[in-house]
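What follows is a set of notes on a single structure, which appears directly below.
The values are calculated or read from the model by the stated rules, or taken from the named source; none is laboratory data. Since the structure is predicted, the reported quantities are computational estimates derived from the model, not experimental observations. Cβ atoms come from the backbone with ideal geometry, glycine included; neighbour counts cover every protein chain shown. What goes into the accessible areas is simple: the full protein's heavy atoms, side chains included, and nothing from ligands, DNA or RNA. Shrake-Rupley method; radii C 1.70, N 1.55, O 1.52, S 1.80 Å.
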Protein chains: 2
Amino acid sequence: MPSMKIGALASTTGCQVQTIRYYEQQGLLAEPARTGANYRLYDDAHVERLRFIRHCRSLDMSLDEIRVLLRFRDAPAENCARVNELLDEHVGHVARRIAELQALERQLKELRGLCSIARPVTDCGIMRGLTAKARRGATNLGTHGRSRH
Amino acid sequence: MPSMKIGALASTTGCQVQTIRYYEQQGLLAEPARTGANYRLYDDAHVERLRFIRHCRSLDMSLDEIRVLLRFRDAPAENCARVNELLDEHVGHVARRIAELQALERQLKELRGLCSIARPVTDCGIMRGLTAKARRGATNLGTHGRSRH
DNA sequence: ACAAACCCTGTAGCTACTATAGAGTCAAGC
DNA sequence: GCTTGACTCTATAGTAGCTACAGGGTTTGT
């Protein structure tokens with residue numbers, strides 16, 4: 001099938017229709033041809049490119065990082081040093097986030113250990129722990145805050 | 001000081017001014033008294049409550065989770081079983097996210113191992129890896145996608 | 001008297017989508 | 001020929017937890 005509409009592209013790549021339009025709007029996917037009725041028409045190159053993007057996303061890369069990789073994909077003769085560098089940085093992000101979360105996990109488990117039974121909140125070690133630690137100041141969330149999931 | 005303006009509260013808690021107003025808007029901090037010039041006036045109870053919130057945030061709890069904890073803080077006679085449960089759930093979230101990120105880290109390091117030198121992109125093992133794996137389909141990001149940091 | 005530093009509200013921006021509203025298009029069945 | 005349903009289009013708003021303006025008013029210090 002040298003040519004497919006957006007729904008077909010979505011189902012062959014396992015990507016939502018709106019997400020595809022979003023990538024186009026963000027300049028990750030080139031604007032495809034259109035039918036007379038203004039429907040988008042994709043070919044195999046689009047399929048490949050979208051799969052590349054989705055694979056990078058499954059590795060938790062940002063759209064900005066992916067944009068860089070796509071530029072290299074489009075200029076195959078260039079030197080790949082920046083690609084290696086980008087991946088190293090990304091591995092670094094992930095490793096750092098893991099370390100943060102592990103520190104967090106330790107704190108949470110410690111806190112959890114402070115109450116093992118159901119009792120009035122006033123006597124609950126967890127609530128006491130949250131309040132006490134809070135009282136003796138300066139918890140540092142960076143300027144960027146934290147994210148979830 | 002039994003009464004402070006928002007800037008003072010911000011600097012004693014290490015929280016930004018806008019963040020305080022945001023918490024008020026989200027119903028985590030009660031609306032404080034106002035001066036004649038409509039400036040917010042906070043007392044020690046506000047300081048404590050904001051510190052509690054920030055401590056919970058430093059443990060990466062969502063504002064919804066914190067809202068639940070605050071409700072308990074406001075009703076000290078109630079049973080703390082829900083608090084324990086909430087913390088267990090939260091520890092579970094964190095542990096799961098760590099596992100996800102570790103799997104990711106393994107994949108990224110494997111990919112990184114595919115290219116150790118600077119050469120044309122066409123020959124770069126990383127770009128080949130991203131393309132090849134992408135080609136053989138079905139990377140699954142869930143319906144919820146991923147987050148960063 | 002005037003400037004710097006503070007405060008106010010309201011709004012837009014960030015990431016990477018997801019979900020709606022309201023409209024047009026197309027193929028199949030009756 | 002007409003309807004029904006599945007598809008497509010654009011544009012807009014929502015998600016989490018802030019951050020950063022814009023465009024004003026107030027307080028404080030010299």
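Table: residues versus (1) at pLDDT below 75; (2) open to solvent by 60 Å² or more (accessible area, probe 1.4 Å); (3) assigned by TED's automatic domain parsing to the domain that holds A:ASP60.
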residue	(1), (2), (3)
A:CYS115	no, no, no
A:ARG119	no, yes, no
A:THR122	no, yes, no
A:LEU130	no, no, no
A:HIS149	yes, yes, no
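Residue pairs whose Cβ atoms lie under 9 Å apart, separated by 6 or more positions or on different chains, with the first residue in the range A:1-20 and without any contact (Cβ under 8 Å) to a residue 24 or more places away in the chain and the second among the polar types (S, T, N, Q) and outside any helix (DSSP H, G or I), are A:ALA10/A:GLN16; A:GLN16/B:THR143.
Only one of the listed residues (B:ALA99, B:ALA81) is on the phi < 0 side of the Ramachandran plot and loosely packed, with under 13 Cβ neighbours inside 10 Å. That residue is B:ALA99. If the condition is being more than 9 Å from DNA strand D (Cβ to nearest atom) and either within 14 Å of another protein chain (Cβ to nearest Cβ) or more than 26 Å from B:ALA75 (Cα to Cα) (or both), then the range B:37-53 contributes B:ASP44, B:ALA45, B:HIS46, B:VAL47, B:GLU48, B:ARG49, B:LEU50, B:ARG51, B:PHE52.
Every condition in (1) more than 16 Å from DNA strand C (Cβ to nearest atom); (2) open to solvent by less than 60 Å² (accessible area, probe 1.4 Å) is met by B:VAL47 except one, and the failing one is (1). Taking the condition exposed (fewer than 15 other Cβ atoms within 10 Å of the Cβ) and within 7 Å of chain A (Cβ to nearest Cβ), does B:GLY14 pass? Yes, satisfied.
Looking only at the range A:19-36, decide whether some residue is facing chain B (nearest Cβ under 10 Å) and surrounded by 14 or more Cβ atoms within 10 Å (Cβ to Cβ). So far as the range A:19-36 goes, yes, one or more of its residues are facing chain B (nearest Cβ under 10 Å) and surrounded by 14 or more Cβ atoms within 10 Å (Cβ to Cβ).
For the condition open to solvent by less than 30 Å² (accessible area, probe 1.4 Å) and within 20 Å of A:THR131 (Cα to Cα), B:ILE66 qualifies. Only one of these conditions is not met by B:GLY92: (1) out of contact with any His (no Cβ under 7 Å at 6 or more places or on another chain); (2) open to solvent by less than 30 Å² (accessible area, probe 1.4 Å); (3) more than 14 Å from DNA strand C (Cβ to nearest atom); (4) part of a loop (DSSP other than H, G, I, E, B). Which number is it? Here B:GLY92 clears every test but (4).
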